[in-house]
Amino acid sequence: MESLASLTYNSRVKTLEGDRYLHKFSIRVFGCQMNSYDGDRLRTAMLHQKWEEVPDGEADVVILVTCSIREKAEQKVASEIGRYDAVYKKRKSPAVVLVGCMAQRIGREMAKKFSCVSLVSGPRHLGLVPQAVTEISAERPPRFFMDDDPRALLDLDVVPTARTNPFKAYVTITYGCDRFCSYCIVPYVRGRLQSRAAADILKETRTLIDGGVKEITLLGQNVDAYGKDLNNGYGFASLLRDVANQPGLTRLRFATSHPKDFDEDILEVMRERADICRAINLPVQAGSDRILREMNRGYTSGQYLALVDRIREALPDVSLTTDLIVGFPGETEEDFRASYELLKEVKFDIVHTAAYSPREGTRAAMMEGQIDNRVKATRLNEINALQAQIARSANEGYVGAEFEILADGPAPRGEGKIQGRTMTDKVVIIPGSEEDFGRLIPVRIVRASHWSLEGERI
C-alpha cells in the first residue's frame, strides 16, 4: 500500500455554488478508549494527507467513530447523522464517514436512511478509510468496507501522533474477543480475538515515548487474552514487562481484564515494576452465580472474590474498578441482592453500572424474562446510591495522604483548576494552568468526593 505521506486528495463534490475540492475534515469519537485510539489514528492519517481539521460546522467530511455497546449509544449517533443530513440536503456537505462498531452492525441501514452517509467501515477495515475519504463524491453511491470475515484484518498502520493529549496515549494490543458473553455484541462487530505482533506494539510504544508520551495505556476488549490465539508462549505478562522496560516511559496502564483470563504471572510483573500503575478494571457483571452462568462469564462469584483476595494480597495499594449490569433477563430480586451484597463486600473504587440493553444477534436478546425498564431503573439507582457511599468513604481515607500526579488537562469545573491522576487512577484536582500539563506534581489531598480528590501542591 502507498505510504500515507504520499497520498493525495483530488476528488470533487458538487455543491450549490459549483465544484470544490474536499480538504477540511472533522472527527468525533463515541464510546470506549479503543474508539479514541482509532480516532487518533484516523486523525493522524488525515493530517498526513494534508487535510485540515476544523470544527464540524466547517467540515467537508465528518468522520464518526461509533459504538454499539448499548442502544442509547447508537441512538445518539443516529440523531447526529440526522442533523448532518439536514444540512447535506441543502448544500451537499458535509459528507459523513461512519466507522466502528455501529457502522459494522447497522451501517448499511444508516446509508439507506441518510443521504449524507458516503462511506461505511467496520472496525477491522480502517486501513482502507483514509484513501477512500479522498474519493468521496456526491455523484457516487456510498462505499462499504464491512467485516464479513471476522478474521480478515486491514488495519490502519499508523502511530497516533496527532492526539488530543500529547502526554498520554492508548495502544490497542488485541482486536475482538472470543469469550462470547451472552449479552455482548463485541464478537459480532469487532470479530474474534486477534493479537497484534509484539514487535509492532513495541515499535509503536517506542515511537510514542520518543515523541514525548509519559503514560501509555494498553487496550483490548480482554487484554489478559493477549497471545492466547498465537500459542507461542508469549502472553500478556510478557508484553507488559517488555513495554515497561522501554526507557523513558513514566507510567503504564492497561484495560480491560477478564476474571477468567487474569493469570498469576500478571501480578508477578506488576509487583516487579513500580511504573506499572496499581489500577485494575476487573468486570464482575453480576453477583448471582445463576446470572453469571446465563451471561456465560465462565466463573462463579466465589471464584471472583478469591481472585480479588489474591490481587489485594499481592498489591495492597491496588485500586479495583468493575463493571456491573442490572436487569439482565430473568434477574430476580434475589439475584439483584447478590450483586448488591458483592459490591458491599468488595468495596470497589469505581463501578461502571448499566441497565441491560438488548443487542440484536446476541443470545441474551432472545431470552425469556426480559426485565421491565422501570425495574431496571430502580435497581440501577439503588446500586449507584450504594456505590456513591462506598466511593466517598474510600476517598475520604485519602485525605492527608501525599501522591505524585501526572497533570493531564483542565478540570471539568473551576477556573484555574487542573486535574491529574495518581498511580492508582484517582482523579486529583489542584490549582494550576496549562503550563503544568505533562508534569509530575507532588500533592497532598485536602478534600474528597465520591468521584474525585482535591489536593494542594507540596
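The values are calculated or read from the model by the stated rules, or taken from the named source; none is laboratory data. Note that this is a predicted model, so its numbers are computed, not measured. Positions of Cβ are generated from backbone atoms using ideal geometry, with glycine treated the same way; all protein chains shown enter the neighbour counts. Please note that ligands, DNA and RNA were not included when accessible areas were found on the heavy atoms of the full protein model with its side chains. Shrake-Rupley method; radii C 1.70, N 1.55, O 1.52, S 1.80 Å.
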Between helix 333-346 and the chain: long-axis angle, C-alpha atoms, 0 to 90°, nearest 10: 70
Placed amide H near Y226: partners under 5 Å, 5+ positions off or other chain: F236
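Applying a 10 Å radius around every beta-carbon, put 97-109, 327-339 in order of their mean neighbour count, most first.
Listed from highest to lowest mean packing, they are 97-109, 327-339.
Run the accessible area of the chain with a 1.4 Å probe and give the carbon-and-sulfur part as a rounded percent.
Working: 9800 of 20070 Å².
For the chain, the apolar C and S fraction of the accessible surface comes to 49 percent.
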Estimated translational D of region 288-398 in µm²/s (Stokes, Kirkwood radius over Cα pairs; 20 °C; 1.002 mPa s): 143
Proximal charge balance of P316 [Cβ under 11 Å; K/R count +1, D/E count -1]: +1
Given charges at beta-carbon only (K, R positive; D, E negative), |dipole| of region 308-458 in Debye: 180
Phi-based couplings in Hz for region 137-148 (Karplus 6.51, -1.76, 1.60; Gly and Pro marked x): 8, 4, 7, 9, x, x, 9, 10, 10, 9, 8, 5
Under Karplus coefficients 6.51, -1.76 and 1.60, residue-wise ³J(HN,Hα) of region 265-272 in Hz, glycine/proline x: 5, 5, 5, 4, 5, 5, 5, 5
Lone cysteines, the chain (no partner Cβ under 4.7 Å): C32, C67, C101, C116, C177, C277
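If you take every DSSP beta bridge whose two residues both sit in the chain, what share of them, in percent to the nearest 5, is antiparallel?
Numbers: 25 of 68 bridges.
Rounded to the nearest five, the antiparallel share is 35 percent.
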Nearest 10 degrees, 0 to 90: helix 71-91 Cα axis against the chain principal axis: 20
Volume in Å³ per residue [convex hull over Cα atoms, computed for the chain]: 155
Interchain or long-range residues, amide H under 5 Å from S121's placed H: L98, V99, G100, F145
Options G176, A59, N381, ranked by Cα towards positive dipole end of the chain, top entry (Cβ charges): A59
Reachable lysines, given that their alpha-carbon falls under 20 Å from the alpha-carbon of K417 and they are not under 8 places away in the same chain: K168, K426
Tilt relative to the chain, helix 373-396 - C-alpha long axis, 0 to 90 degrees, to 10: 60
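Wrap a convex hull around the Cα atoms of region 128-280, take a quarter of its surface area, and give that in square nanometres. Walk me through the numbers before you get to the answer.
Details: hull surface 44.1 nm².
Taking the Cα atoms of region 128-280, their convex hull projects to 11.0 nm² on average.
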